[in-house]
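Step one of this worksheet: look at the structure below.
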Amino acid sequence: MKKWNNGTSFIHAGAEPDPSTGAIMTPIYQTSTYVQTAPGEHKGYEYARTQNPTRTALQNALAVIENGKYALSFASGMAATDAVARLLQPGDEVIVTNDLYGGTYRIFTKVYAGYGIRFHFINMQNADDIKKYINDKTRMIWVETPTNPLLNIVDIAAVAAIGKAHKLLTVVDNTFASPYLQNPLDDGADIVLHSATKYLGGHSDVVHGAVILNDAALEEKLRFYQNSCGAVPGPHDCWLVLRGIKTLHVRMQRHCENGEVIANYLRNHPKVARVYWPGFTDHPNHEIAKKQMRAFGGMISFTLKDDNLGKAIEVLSKTQLFALAESLGGVESLIGHPASMTHASIPREERMANGLADSLIRLSVGIEDANDLIADLQQAIG
Ligand SMILES: *Cc1c(COP(=O)(O)O)cnc(C)c1O
């Protein structure tokens, strides 16, 4: 396993006492513009779509916790995805993890495909399979790991090495793992993307996105899109994410502990057919998970032996602590049904081909007392 990140950095990353008052927590700079002393004479802040001190503090923190040089904040994870996709030109091709966030599938197939960009959705568990899809039009490899909702693991270092050899950009959506569990830039990725709505914010109270990277020229392009296209977050949202990051390491520790307990509980449950969790030693990609992650997280999917939609829906409607909701990564536990919720925008045939069964249930294990979570699942599964 990788060494644990230094927890201190999550608290102090990018934080400076506020220069005007010494406030220890960066204030919410709720302003749209900044007064200039003479035309063009200002303190680096002109207009709040372009810069905001609360956003700057958050971006500095995001760069530190992903071991990157630069970070850019966006109004949502999808706005961050949109900014990265703008690096593409008509005619370009992208190779994408097939088992991925439904909204990412949707923006690629329903928005960017219409601009003449071609996407190949493939299983990346064997990184070498990517090579079959590389041609002179390929520009980017888009990775999600652990994958959503089947919790497969893609070998980031192996994929990034293929990307480098063919001069392709490797982008990793690190939402599921969070910077606490893995840092894709260290493994050779060019761009790391987050829906900070999930673990980074951590309290189910904000929608936010981020991009972190090391390359100055790429950063300049993405910063240009951030400002020109304008999908920027408000200062209050930036402040919520900044506050969330301060407890990321403590929350993640508990998410991982609870995840392990619940994964093992489900695995021994007589009515459960299969449990998807990368911490199991017989998980097909367990060795890769051990190599690139620090622990295995609190995201778990499972199917029932009585494999029908009705039974799955019965379980979903019976849980009381696990709230039936889209999203993940908050302190409270959530339960979801990918086929009808997060992944409804992926055609059924494609879902089935990727192993995403109708009866698959996904858990985002929160940081409640594990015994209470187990009791809730027990009464729901029966
Ligand atoms: C939620 C999510 C997104 C989209 O983020 P929003 O903040 O909802 O726009 C992208 N990727 C993954 C893996 C997600 O879970």
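Bear in mind these aren't lab numbers, they're just calculated from the coordinates by the rules spelled out. Not measured: the values here are computed from a predicted model. Cβ: placed from backbone, ideal geometry, glycine included. Neighbour counts: every protein chain shown.
Applying 0.36 nm per residue to the separation of ALA353 and THR33 and subtracting their alpha-carbon distance, the gain on full extension is 110.1 nm. With the convex hull drawn over the C-alpha atoms of region 15-104, the volume per residue is 169 Å³.
Here's how it looks for THR170: its modeled amide H is under 5 Å from those of ILE141, ASP190, ILE191, which are all 5 or more places away or on a different chain.
For VAL272, the residues whose amide H sits under 5 Å from its own are LYS305, ignoring neighbours fewer than 5 places away on the same chain, with H placed 1.01 Å from N.
Here are some pairs, LYS137/LYS290; LYS110/LYS131; LYS164/LYS291; LYS137/LYS221; which of them have Cα atoms lying more than 28 Å apart in this structure? Where the Cα-Cα span goes over 28 Å, the pairs concerned are LYS137/LYS290. Dipole check for region 187-308: with +1 at the C-beta of Lys and Arg, -1 at the C-beta of Asp and Glu, and the Cα centre as origin, the magnitude is about 360 Debye. Mean separation of Cα pairs under 8 Å and 6+ residues apart, divided by the residue count of region 248-381: what relative contact order is that in percent? Relative contact order, region 248-381: 29 percent. Among the listed pairs LYS3/LYS305; LYS167/LYS198; LYS3/LYS198; LYS2/LYS198; LYS2/LYS271, those with a Cα-Cα distance over 27 Å are LYS3/LYS305; LYS167/LYS198; LYS2/LYS271. Separation of region 121-185 and region 251-299, taken as the distance between their Cα centroids, equals 21 angstrom. Across all directions, the shadow cast by the convex hull of region 207-349 built on its C-alpha atoms averages 12.1 square nanometres. Residues considered: SER20, SER333, SER178. Largest GNM mean-square fluctuation over the chain, using C-alpha springs under 10 Å, is found at SER20. The calculated 222 nm mean residue ellipticity attributable to helices in the chain amounts to -9500 deg cm²/dmol, summing -39500 (n - 2.57) over DSSP H runs of n ≥ 4 and dividing by all residues. Computed about the Cα centre, the dipole magnitude for the chain is approximately 300 debye when only Lys and Arg (+1) and Asp and Glu (-1) carry charge, each at its Cβ.
Of the residues LYS291, LYS3, the one with the fewest other Cβ atoms within 10 Å heads the list, and the complete ranking is LYS3, LYS291.
Can you pull the Kirkwood radius for the chain, inverse mean 1/r over Cα pairs, to one decimal in Å?
With all distinct Cα pairs of the chain included, I get 21.4 Å.
Karplus-derived 3J(HN,Hα) values for region 271-283, using 6.51 cos²θ - 1.76 cosθ + 1.60 with θ = phi - 60°, are 9, 9, 7, 9, 10, 9, 7, x, x, 5, 5, 9, 5 Hz; glycine and proline are entered as x. Structure remark: mean-square fluctuation, Gaussian network model of the chain, C-alpha springs under 10 Å; the largest value among ASN60, ASN371, ASN183 belongs to ASN371. When CYS229, CYS238 are sorted by how many other C-beta atoms sit within 10 angstrom of their C-beta, beginning with the fewest, the order is CYS229, CYS238. With a cut-off of 15 Å between beta carbons, the residues surrounding PRO270 carry a summed charge of +3, where Lys and Arg count +1 and Asp and Glu -1. Taking all Cα pairs closer than 8 Å and separated by 6 or more residues, the relative contact order of the chain comes to 18 percent.
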